[in-house]
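Asks: Encoded as structure tokens, here's the structure I'll be asking about.
The values are calculated or read from the model by the stated rules, or taken from the named source; none is laboratory data. All figures in this text were calculated on a predicted structure; none of them were measured in a lab. Glycine gets a Cβ as well: all are built from the backbone with ideal geometry, and neighbour counts include every protein chain shown.
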């Protein structure tokens, strides 16, 4: 059961998500952290964020709210993950490039990086 209300976005630091409602009992849990690799920093500011999100899409949207220019480097014009971008959630590569519906857990780590290519 998800009892949090809305998305919370905070720059790097210790952040906690407070679960609201009587059925949740006021439990406090760590938030998911989203990290963008240094390659993206050459083009746009990419701080690490702690986000209260249930899915990868929600986490990315929270980061894009804080830094709208970042969206164009990560998503294409149809809001799908760009071909040259790879996303890992808790060490596993996301294969859902369209819906970005990978489930997040409290304390999940999301790494967004440019995929390497060449010969």
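Asks: Counting only residues that are touching a residue at least 60 places away in the same chain (Cβ under 8 Å) and loosely packed, with under 15 Cβ neighbours inside 10 Å, which one in the stretch 69-108 is nearest to residue 46 (Cα to Cα)? Give the steps one after another, and end with the answer.
Replies: Of the stretch 69-108, the ones touching a residue at least 60 places away in the same chain (Cβ under 8 Å) are 104-108.
Checking which are loosely packed, with under 15 Cβ neighbours inside 10 Å leaves us with 105, 107.
On the way: 105: 22, 107: 20 Å.
Among those that are touching a residue at least 60 places away in the same chain (Cβ under 8 Å) and loosely packed, with under 15 Cβ neighbours inside 10 Å, it is 107.
Asks: Now for a separate question. Cβ-Cβ distance below 7 Å, separation of 6 or more or different chains: which pairs start in the stretch 26-53 with a residue that is under 10 Å from residue 73 (Cβ atoms) and end on one that is modelled with pLDDT of 90 or more and surrounded by fewer than 14 Cβ atoms within 10 Å (Cβ to Cβ)?
Replies: Listed by first residue and then by second, the contacts come to 44/69.
Asks: Additional query: Inspect the stretch 60-67 for any residue being assigned to a strand (DSSP E or B) and either at pLDDT below 95 or touching a helix residue (DSSP H, G or I) at 6+ places or on another chain (Cβ under 9 Å) (or both) and give the result as yes or no.
Replies: Taking the stretch 60-67 first, the residues assigned to a strand (DSSP E or B) are none.
Taking every residue of the stretch 60-67 in turn, none turns out to be assigned to a strand (DSSP E or B) and either at pLDDT below 95 or touching a helix residue (DSSP H, G or I) at 6+ places or on another chain (Cβ under 9 Å) (or both).
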